[in-house]
Structures are given as structure tokens and as C-alpha cells.
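The values are calculated or read from the model by the stated rules, or taken from the named source; none is laboratory data. Given the structure is predicted, the values throughout are model-derived calculations rather than measurements. In this analysis, Cβ positions are derived from the backbone assuming ideal geometry, glycine residues included, and neighbour counts consider all displayed protein chains. Please note that ligands, DNA and RNA were not included when accessible areas were found on the heavy atoms of the full protein model with its side chains. Shrake-Rupley method; radii C 1.70, N 1.55, O 1.52, S 1.80 Å.
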Amino acid sequence: MRLAPERGVDHPDGLTYALPDSLASVRMGERVEAPLGRGNAPVAGYVIEILDSTTLDPARIKPVKRRLSGGLPPALVELAKWMARYYLCPIGMVFASMTPAAVKHDIGVVTRSALEPAPDASERLDAMKPTPSLAPLVEALRARMGDTSAWPVEPRALQKALGAATIAPVNRFVREGVLREVRVTTVRAAWGEVTPGDAARVTLSDEQRAALARIVGGLDTFAVHLLRGVTGSGKTEVYLDAIERVLAQGRSAIVLVPEISLTPQTSARFLARFGREGVAVLHSGLTSAQRNQQWSAVASGAARVVVGARSAVFAPTPHRLGLIVVDEEHDNSYKQDQLPRYHARDVAIKRAQIEGCPVVLGSATPSLESWKNALDGRFVLSTMRTRPAGMRLPRVVVVDLAEERRKRPWSENRVRLLGPTLETALRRTLDEGAQAILLLNRRGYANYICCPDHRCGWIMTCDDCDATMVFHKDKRLDPGRGGVVRCHHCLAEKLLPSHCPSCERKVSVFGLGTQRVEEELARDFADLRSGDTMLRLDSDTMRGGRDYFLALERFRKGDARVLLGTQMVAKGLDFPSVRLVGVVHADTAINLPDFRAAERTFQLVSQVAGRAGRSDKPGVVIVQTLAPKTPAVRFASRHDYEGFAQEELSQRERAGLPPFARMARIVIRDDDYAKAFDRASDLESALRQGADQTVLIRGPMPCPLSRIAGKHRIAIELLAPSAGPLQSALTAMRNAGLLRSDATAAIDVDPVALL
């Protein structure tokens, strides 16, 4: 047999091991323990192939030691092989990322005593002479014995199910031999209360019915469907109806959502609709025991619908997979930024191909890669341009921040982040009893700490990164100066200096962040109190999934009037009382040195704008910007995705950039700049000699963020008309031992960020 150890051993075909007679029944996909290396260190690994024979010397083949928990079905083994080849990652590392650590280590697994009917339970019940008080319980037990799903059951649970006042009747059934004791191994985890959403049926619109018909018309074959529906158009209802058809055929379904969109609203809708079939919810907010419990429910077939973030694409469904949905397919959180650097959308497409089922990609603002595939006919396109009856897309007002600031009287000498237009709209919204969402995709208080004397020129940067430090107000950490400065890349932290280290002048703090907006709102609006009627949602305040869920529940109930946050507030929120959405500064990402900057800005503004007007009351969106004529802002203000896509695609085509080319990026990292550059230069020379002439190689060159955590970063970018020449060039370097993903080299196929 061939085994892929959960290590960085780069053998795509695995290592050969012998199966002892005691393990002769081991099959592909099982997880086993085997000795590795000269020291025979015990390591876990996955069986990727069963061999009938081998040319190796039998005396040199080490035997597998034992079975382990956490195996995977054959379809996922095939998927892992593809990922290892495509993303140039050791196959063992792919397997290591597929199964949660909680499953491998049996977190939360307990063995308990339970009861089940004896083989002759009916005859023994007939032979019993129950007392008048026991007779109803005998009949209740007799009726329950026909339900195989009700057994085994814990004694106290059976007492409750039978309606017995004490445990004594259950004990008598055991003494009489009607019930027998068994040992059951389960995963136990504590859960908070989950309130299912409204399971009421919704009458689909003509656009929804047309999209559903295209999807369910080919449930037996692989196809990629792109469902482009404006925000609030009812894409989720289409997913729910399609999944219902899949479950009726005895199959399973996987629904992927961006991590932050796993709100109680999202999971509750699936729980309400498919609770009987079993719904497993997988996200980073789960405890280890909860994660193991949910994963085990999927593997056992108890849960046939899986709703989760990126890694849920690896859910080991024992029933035949009938559908995969990737909601908000454009979202960058689907791309993993560490080994293996896979994109869950693309992996979902490959898994659907292996399983022979359709995959649905849904978004109001699809990635340009998916949009071009749809235009070229490779994806089946369905479009929903309207919201359900009674709801309209919100009116979007773009305001020039420069003009807004000129409207302020000269007597106001402090900088304001909310202009008069947004300020007035917020006041009116609150006075009318409605709610508002404000977006600023930058956390902290200020992102520019410097000497006020331009002749000095000192700017506070991170000691280990080529990036400016960000000021975070926190009087608990620094009562004197009110906060600390942090690096958002290496997470280094220090106190805010009071004076410039070069000329001793008092430092100035400039820029903007969610903390500063929160302070301004609390100062200017007496009815907005931080943590009470106003909630800030960013990674500084939301430490875990529970914090996020509780905050949204308070907003849903109306206890909080304003949600202020980073991109967390732009996704997956559906609150009918939200009448105003304000984008405090739309330009935070537009000038980044990344060709996708405009696309991300358009998507973010469009997505957050879609949170308004989700009722019969009209909504308004106010976008503050210093560049109102920027295409991303201009098209977003008109809800014109197709216009933006056409203009952006034309620019990408002229520049030879994705989606008109396939891209891979190699980043060499080293403490020593010269060593990093020399190694990158050697690799670039080898690539030029071995790559096809259609492959364009750029670099070596310092990354835009040229140093992170003390490591200098040198990039090489490869572009080719299709994936084939690109994969051939990278695979040749890998086979020659010149390229491997490790601590000093990152290989990113189809990168989504170039910083």
C-alpha cells in the first residue's frame, strides 16, 4: 500500500508500506500509524493506494502499525491528490488540513452506558405481569421498540421518554431482561441555545424559479452554475429549494459561506428547513468537542446538510453528494493563506466534478474569473436583477469628502470623519426609530504616527516589518497616553511614544480607524453609547464567534441602533430595520499595489450597500470618498455590476492579467536580503530555461510589503494563457528539487492578494 504521512515529505505518490495480516482489511482513505525515517518515529498518514505487488525488496518495506480515527472517503483521497499536484503542496499536508485536529485526537469522545431492546424483548414483555401503574409504561416501551433510531438510549433519557416519574421502571425492564446494557462511544459537547429561524415557505419569483429549474434540471451530472443576484434578491431561497430536491433523492449537500457570514440567521434558516435530515454547522467559533461532534455527525450520515466555512468543502459525506453551494463566491476568505494555499471555490468545483454533481456559485458581485467563465459559456449563468415584491434596492448617494469638509464652518478646527451629509442622514434615521450600519474597513484609531516637523520626516514603522504602526486606544494598557501602537502584520506591540526620537518634538497621530469613528459618534450623538446602543464590530472587539453572534442578536432585537465595523458588517446581514448604510471612507483599499484593488472596492461598497432597504421602507446608502469619479465607486453607486465588469475586464485584457491569464506567485523569505534575492534569482533563471515560451516571468522583485516579521520577501510572478504551461513549469522545478513549499518559499497558485 502507499501512504501519505501527515508531514512535509514531498512524495506526491506516497511512501510504500506493508500491511500485516491483522490489518489486511484496511482500505483507501483510512488513517493509520506507521514508522517514518531512520528513527522509525510513529506518524499518522492516509492510505492513498492499495497495491497488488511492488518491485521493492520486501525486507526493506516497513509494516503499518495500527488504525487511527479520522479516515476519509475515496472521493476526498482523489481530491487531495489533485490539490497536491495543482497547488504544489506535499500530499500529507493536504490531508492534514482536511480533517480537523479535534477529530484526529478524539476530543470530546466519551464511552457511556446505554440501553437497547434484547433480542427476545417482545416475548419478555408479554411474560411480564405489570402493576396498574407500570402497564402504561409497558405499552409505551412496546411502541418505542419499533423505532430503531431511538436506540441505544441512556437510562435517564428513556425514563423521560416513557413518562416515568422515577428510574425504577427502567431498572425493572433491565432486571426482567427486556432491555440490555451496552457501551456506546459518542462525542459529547456543550452547546448554547440555537433558535431555528422561520421555516415558512416563500413563493419564488419568476427569476428564482428559472434559476432553480436550471440547477435541479441536472442534479445527476457535473455542471457549474453561477447565480448572480442583486443583494436581497433571494439567492438563499433558491439554495434551500435545490437542497430539498437533493435530499429527496437520498443525497447530501454542502453549503459554503464566508466565515464571518456564519451568523445565527444563516445557520438558523438551514436548521429550520432541514432539521429532520440533520444539519452540521462548521466554523472557527466551535470548541474542539463541538467540531468533533459536528464532523462525526456528517461522517456517520446523521447530518446530511453541511453548512460551513472554507474547510467544510472537505466534509466526509457518506451519502452520495448531490450539490455544493458556494455562497458569496467572490469572498477572499475562501482563499487559505498558508499551506496548502487552496481556494475553496475552486476545490468545490473539483470535488463536484469528482462526485458527479452540480456546484452553484452565488454572489451579487461575482469574481471576474467566474463572470468571464459564465460569459464564455463554461458556467451556466442565472441572473436575478430584482428584489422580492415590496423591496427596492437602496438609493446610493456619493459625496466628495473634500467638498464635505469645506461645508464645515471655520470655527470647527478638528477633523471630522463623518461629513454633514452622512451626519444629517444618521440623525434623521435615529429620530425615525430605524437602524444604521457604518462601514470603515480599517481598525484601530489612527494609522499614521509621525513627527509634526516635515523637515525631520520621522514616521513610526514596525521594527520587523516594512509597515507603519497603528495606534489603538486602550487606557487599560496605557492609562497615561491612552493606548498602544500595533503592527497589523507581525502583531508586535509597544507603547505610544510621547516625543519624536529624532528631534524630541511631540508626536502627531493622524489617520482614521473604527475606534476614531466610534469616539466621534459617541461625542456627537447623545443617544449613541459605545457597547450599548452602538456596537463596534472588528477583530479587536469580536474575539470569537460567540461575541459576533451576541452582538448581532442585540442589533436584531433593536437594543443597539448602530453597527459600526470593518468588512464584518458588509456580509450576510439581513435586518429589515436598517434604513441607512454609511461608507465612512471608500478609498481605504483603492490605491493598494494590487490589480484587484478596484474589484475589491466595488464588491465591498456594493455588498454593504445591500444591507439597506430590506423591507418595504426605502433605504439610502451614503458613500464618502475623496475620488468620487473612480469607476469602482461610480458603478457601485448605480448597482451596475455588469458595467463595472465590462470596464475592468477590458483593462485586465490589455494588461494580460487574470482572468485573461493564469497566475502563480513564488515568494522567497529570508532574514538576509541578499540571500533571499540570490535564491530568487537562481530560481528565476531555472524557470526561464525550463518554462514554455508562453509563460511570462516577472521578477525577482521585492514584494510591496518587502519585510514581515523580520523576513525579507522577494517575489517571482508567472503568467500564462492557460493553467497547463504554468503547471508544467512549476512541476518541473518541483521534481528537480529546486522548488518546494516550506518556511523559506511560499508557492501561491491563483493568488488573490499580491502584497
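Tabulated data for the structure shown
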| read-out | value |
| --- | --- |
| Per-selection Kirkwood Rh - segment 1-134 (Cα, Å, 1 d.p.) | 17.5 Å |
| Evaluated at q = 0.18, 0.19, 0.20, 0.33 Å⁻¹: base-10 log I(q)/I(0), Debye formula over Cα of segment 120-167 | -0.57, -0.64, -0.71, -1.31 |
| Charge-dipole axis of the chain as Lys and Arg at +1 and Asp and Glu at -1 on Cβ define it, positive-most pick from A680, T694, Q338 | Q338 |
| At 0.890 mPa s and 25 °C, Stokes diffusion of segment 427-497 via Kirkwood alpha-carbon radius, µm² per second | 171 µm²/s |
| Descending semi-axes in whole angstrom, ellipsoid equivalent of segment 330-392, from the Cα gyration tensor | 25, 16, 12 |
| Cβ charges +1 (Lys, Arg) and -1 (Asp, Glu), total dipole of the chain, debye | 880 debye |
| For segment 597-755, fraction of C-alpha pairs farther apart than 26 Å, in % | 44 percent |
| Expected-Rg normalisation [2.2 N^0.38 Å, Cα atoms] applied to segment 312-464 | 1.60 |
| Percent carbon-and-sulfur accessible area, segment 23-76, ignoring ligands, DNA and RNA, probe 1.4 Å | 52 percent |
| Calculated [θ] (222 nm, deg cm²/dmol) that DSSP helices of n ≥ 4 give over the chain, each run adding -39,500 (n - 2.57) | -9500 deg cm²/dmol |
| J(HN,Hα) series, segment 237-253, from Karplus relation 6.51 cos²θ - 1.76 cosθ + 1.60, nearest Hz, glycine and proline x | 5, 5, 4, 4, 5, 5, 5, 4, 5, 5, 5, 4, 8, x, 9, 10, 9 |
| Amide H partners (placed H, <5 Å) of L321, local residues excluded | S252 |
| Nitroxide proxy distance, nm - points 7 Å out along Cα→Cβ at R38 and R276 | 6.4 nm |
| Segment 653-714, Cα convex hull volume normalised per residue, Å³ | 84 Å³ |
| Value of D in µm² per second that Stokes-Einstein yields for segment 534-671, Kirkwood Rh from Cα pairs, at 10 °C (1.306 mPa s) | 93 µm²/s |
| Accessible area per residue in Å² at 1.4 Å probe, computed on the chain | 44 Å² |
| Surface accessible to a 1.4 Å probe, E181 within the full protein complex, Å² | 120 Å² |
| Extended-chain gain in nm, criterion 0.36 nm per residue less alpha-carbon gap, L375 and D52 | 111.6 nm |
| Percent accessible area from carbon and sulfur atoms, segment 432-478, protein chains only, probe 1.4 Å | 45 percent |
| Whole-angstrom gap from segment 615-638 to segment 540-562, using each part's C-alpha centre | 26 Å |
| Ratio Rg/Rh, restricted to segment 245-299 and using Cα atoms, in which Rh is the Kirkwood radius | 0.96 |
| Built amide H within the under 5 Å cut-off of K65, gap 5+ | E33, A34 |
| Under the Karplus curve 6.51 cos²θ - 1.76 cosθ + 1.60, θ = phi - 60°, whole-Hz ³J(HN,Hα) for segment 723-736, x wherever Gly or Pro sits | 6, x, x, 5, 5, 5, 5, 5, 5, 4, 5, 5, 5, 7 |
| Where Rh is the Kirkwood radius over Cα pairs, Rg/Rh for segment 62-145 | 1.36 |
| Compactness of segment 212-355 - radius of gyration and Dmax, Cα, Å | 14.2, 40 |
| Two-decimal ratio, segment 447-602, of alpha-carbon radius of gyration to 2.2 N^0.38 Å | 1.19 |
| The chain: relative contact order in percent, alpha carbon pairs under 8 Å with at least 6 residues between | 11 percent |
| Under 18 Å from the Cα of K104 - lysines, other chains or at least 8 residues apart | K65 |
| Mean shadow area of the chain over all directions, Cα convex hull, nm² | 41.0 nm² |
| Given charges at Cβ of Lys, Arg, Asp, Glu: the chain dipole, positive-most of A636, V224, A446 | A446 |
